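Undergrad: One structure, as structure tokens, below. Some questions next.
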Amino acid sequence: MRKSFLSTIAMAGATALALAACSGSTEPGTTNDPGTGGNGDELITVGFAQTGSESGWRAANTQSMQTAFSEDNGFKLVFNAADNDPAAQIAAVRSFINQGVDAIVIAPIVSDGWDDVLQEAKDAGIPVILEDRTVSASDDLFATWVGLDFEREGVYAGEWAAEYFGDTPTRMVVLEGTTGSAPANDRAKGFNDAIAGSGIVTIDSQTGDFTRDGGKSVMEGYIAKYGIDGIDLLYAHNDDMGLGAIEAIEAAGGKPGEDIIIITIDAVRDGMQALVDGKINYIVECNPLLGELVAGIVKDVVAGNPVDKEYFVEDQKFTQDEAAAVIDSRLY
Ligand code: GYE
């Protein structure tokens, strides 16, 4: 069954419920119940295989996870960031298996290539919880997944573009996320479906690997090839690549948000500021604050309580005016 969490507030509420249900199932005197004097009950050891530190989104996600998987919450966290190297990430998961952790949480860099190591975790009796990105492996190899609907994010972005440009012939360049990652695949698909029938044509599409530097250098290449005047629209699969592209456009003497309309995904602080400043035209949110929800679900999985196969957290979307109204109250 598909579960949606409507907002950060709804998410926090649901998490509180999940945690309450969980602490009810643990024994008195655990770290969840320090008031009774803690009598040596064990922390849940969790290995977390993070992608790396490629973006503002990732920094907020790592912080959310590290805060939620604290000793005060009953966890010992073994953290690994793989610097966007899929082989290194799989090696980290193997090391968690060898260490005999109680559960493994993975934010998979790419979708493919997980079958063997997930089978090894299953054979070792260690449950795997996927966070953020999805995998193509069979879903009996992991307990559950918690994340965002990337395809819908792409649809939201594409719908705004189709509405803005209508039938007008529009030359679009795309900055794709990491090749083979679920958000890059799904954000492309959702966007392309939504612009079908509009005047928007993709003239170039390359990966900027979700980084600011990647977005900047790919955009420099686009500008060298097509000129600022030859590009009407930029769709960047995350804010950071869009922010890098803005630097490239400005360095070439162009006005981001005017000469080239820019749409990005994430809604992290720097992206929202660029939206308020008129340099980005539209942002679809991708909520990185998944830590508490994931921690509650990990406790349920380790306790043997039933969980759903997937938990979707819902995203918002912002025009320039909407961003100005909320920017001061944003948590990341
Ligand atoms: O959009 C991007 C990050 O997987 C949803 O990864 C995440 C994406 C996010 O690098 O900024």
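Undergrad: Can you give the longest stretch of the chain with no exposed loop site, where a site means GluC sites (Glu not before Pro) in a DSSP loop (not H, G, I, E or B) with at most 15 other C-beta atoms within 10 Å?
TA: Working: sites that count: 42, 71, 258.
Excluding the exposed sites themselves, the longest stretch runs over 72-257.
Undergrad: Separate question: Just the number: Rg to Rh for the stretch 260-323, Cα atoms, Kirkwood Rh, two decimals.
TA: Expressed as Rg/Rh, it is 1.21.
Undergrad: With a 10 Å Cβ neighbour count serving as the proxy for reagent exposure, in which order, fewest first, do 123, 193, 266 appear?
TA: Starting with the residue having the fewest Cβ neighbours, the order is 123, 193, 266.
Undergrad: Then there's this: In the P(r) worked out for the stretch 211-332, what percent of Cα pairs fall beyond 21 Å? Before the final figure, lay out the partial values.
TA: On the way: 3414 of 7381 pairs.
Distances greater than 21 Å cover 46 percent of the Cα pairs.
Undergrad: Quote the Stokes-Einstein diffusion coefficient, in whole µm² s⁻¹, for the stretch 65-193, based on the Kirkwood radius over alpha carbon pairs, a temperature of 25 °C and a viscosity of 0.890 mPa s.
TA: Values: Rh = 16.6 Å.
Once the numbers are plugged in, D ends up at 148 µm²/s.
Undergrad: Right, next: What are the equivalent ellipsoid semi-axes of the stretch 207-264, built from the alpha-carbon gyration tensor (square roots of five times its eigenvalues), in whole angstrom, biggest first?
TA: 16, 12, 9
Undergrad: Once the Cα atoms of the stretch 146-233 are picked out, what are the Rg and Dmax in Å?
TA: 13.2, 42
Undergrad: Report the residue, chosen from 272, 172, 241, that carries the largest GNM mean-square fluctuation when the chain is represented by alpha-carbon nodes joined by springs under 10 Å.
TA: Fluctuation is largest for 172.
Undergrad: Can you tell me what share of the DSSP beta bridges in the chain is antiparallel? A percent to the nearest 5 is fine.
TA: 5
Undergrad: For the chain, what Kirkwood radius comes out of the mean inverse Cα-Cα distance, in Å? Don't skip to the answer; put the middle values down first.
TA: Working: mean 1/r = 0.0484 Å⁻¹.
Computed over the chain, the radius equals 20.7 Å.
Undergrad: Here is a further query. Quick one: putting +1 on the C-beta of Lys and Arg, -1 on the C-beta of Asp and Glu, what dipole do you get for the chain around its Cα centre, in Debye to the nearest 20?
TA: Roughly 60 debye for the chain.
Undergrad: Right, another one. What's the angle, to the nearest 10 degrees (0 to 90), between helix 291-303's Cα axis and the longest principal axis of the chain?
TA: Roughly 40 degrees, rounded to the nearest 10.
Undergrad: Going by alpha carbons, how many degrees (0 to 90, nearest 10) lie between the helix axis of 239-251 and the longest principal axis of the chain?
TA: 30
Undergrad: Under the rule of at least 5 residues apart or a separate chain, name every residue whose amide H is placed under 5 Å from the amide H of residue 260.
TA: 255
Undergrad: OK, next. What's the center-to-center distance, using Cα atoms, between the stretch 53-129 and the stretch 203-217 in Å?
TA: 26
Read-outs: derived from the displayed coordinates by stated rules, not from any lab. Every value quoted in this text rests on a predicted model; they were computed, and no experiment measured them. Cβ: placed from backbone, ideal geometry, glycine included. Neighbour counts: every protein chain shown.
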